[in-house]
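Since the structure comes first, as structure tokens, the remarks are kept for the end.
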Amino acid sequence: MHLQLGHVSTILVSTPETAKQVMKTQDIVFASRFQPLAAKIISYDSANIGFLPYGDYWRQMRLARFLASHAGSPVNLTQLLHSTMLTEAAWLQHITGLESKLEKLHHEIDRLLDEIIDDHIVVDNNTTSMHEDLVDVLLRVQNDEKYEITRKNIKAVILDMFSAGTDTSATTVDWTMAEMLTNPSVLEKAQEEVRRVFGEKGYVDESKFDQLKYLKAVIKETLRLHPPAPLLLPRLSREKCEIDECFKAERFLDSSIDFNGNKFEYIPFGAGRRMCPGMSFGLANVEHPLALFQYHFDWKLPNGMKHQELDMSQLYLGVTVRRQLDMHVIPIITNPV
């Protein structure tokens, strides 16, 4: 499908076959990024991983981020970033005042990020803690002569982490709980598995997540039906080329389909060179709260509501799709902390 968004000619890829063409067969052609105005201003001239143009510098920053976090973070394009795609005409940006608003927002964000970095520098100079967070490791990587990483680059990566946590993981947890509540047998199986795996230990941690086969299948099925960023981030063609509903978690139990982007009928994190760098980080943020929810609580809907009556309407915000209405549920403690 062809869409003309302002002066940007956009092609919507909507089948596994064409997705494979874009993300694998001709991945190198589509490895760059379209850069909306908001990304240029807020993300330090697109210095973050999500919008950095493809090339040597992008590869260097991606490697540095991997060293810093081992998983990164899902890159979330907020409604503010999305809105600039529809107003790419320069004269519209001035008429709407969008550019000045973005500049003001950028200054506020920049001040906050400077404070975070300065605080870490002071702490690092006065302590020898063995526990490093993302900022500590980025500062250490900056001192490595192999990487040309500036303070601006560090701020862009931190901003990636901040902006990503607002929608993607929380949205997926919300959708997963909603699907389990509308499918009581699924909820019962997930609770049985989590309580069996962690029952002897008495609490939930990440040490046995590899044993939560059914919960992982539930998460996969949720991402199949409700990918938080269903259109992914737009790719920019670097040269001319040609390219050709029932909730059932069990479909993933004995399946080779995974999140890694090799099966083009299922790509919630994208695929190829511009696949989401924070897939592992995002999955951990989904698995942990869901495992805690199923271990410690039973769940029911309020006011005698039947599971078929739970509203599953969707609301499209930016590139993420949330549930339209807030979900109200009653937790019943089964395994107190």
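The values are calculated or read from the model by the stated rules, or taken from the named source; none is laboratory data. Computed from a predicted structure; not experimentally measured. Glycine gets a Cβ as well: all are built from the backbone with ideal geometry, and neighbour counts include every protein chain shown.
Being modelled with pLDDT of 90 or more and surrounded by fewer than 18 Cβ atoms within 10 Å (Cβ to Cβ) is a condition met by at least one residue of region 164-184. In the condition set (1) assigned to a helix (DSSP H, G or I); (2) within 19 Å of residue 219 (Cα to Cα), residue 299 is compliant with all but (1). Candidates 247, 281: the one that is in contact with a Ser or Thr (Cβ under 8 Å, 6 or more places away or on another chain), aromatic (Phe, Trp, Tyr) and farther than 19 Å from residue 179 by Cα is 281. Residues in region 278-298 that are within 19 Å of residue 59 (Cβ to Cβ) and buried (at least 22 other Cβ atoms within 10 Å of the Cβ): 278 alone.
For every residue, the table says whether it meets (1) surrounded by 15 or more Cβ atoms within 10 Å (Cβ to Cβ); (2) in the same structural domain as residue 284 (by TED's automatic domain parsing); (3) at pLDDT 75 or above.
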| position | (1), (2), (3) |
| --- | --- |
| 90 | no, no, no |
| 95 | no, no, no |
| 121 | no, no, yes |
| 137 | yes, no, yes |
| 141 | yes, no, yes |
| 150 | no, no, yes |
| 156 | yes, no, yes |
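For the residues 64, 39, the requirement of being modelled with pLDDT under 70, within 22 Å of residue 278 (Cβ to Cβ) and outside any loop (DSSP other than H, G, I, E, B) singles out 64. Considering 227, 289, 268, the condition of being outside any helix (DSSP H, G or I), touching a helix residue (DSSP H, G or I) at 6+ places or on another chain (Cβ under 6 Å), within 20 Å of residue 177 (Cβ to Cβ) and in the same structural domain as residue 209 (by TED's automatic domain parsing) is satisfied by 268 alone. Checking 207, 185 one by one, the residue that is part of a helix (DSSP H, G or I), out of contact with any Phe, Trp or Tyr (no Cβ under 8 Å at 6 or more places or on another chain) and under 16 Å from residue 248 (Cβ atoms) is 185 and no other.
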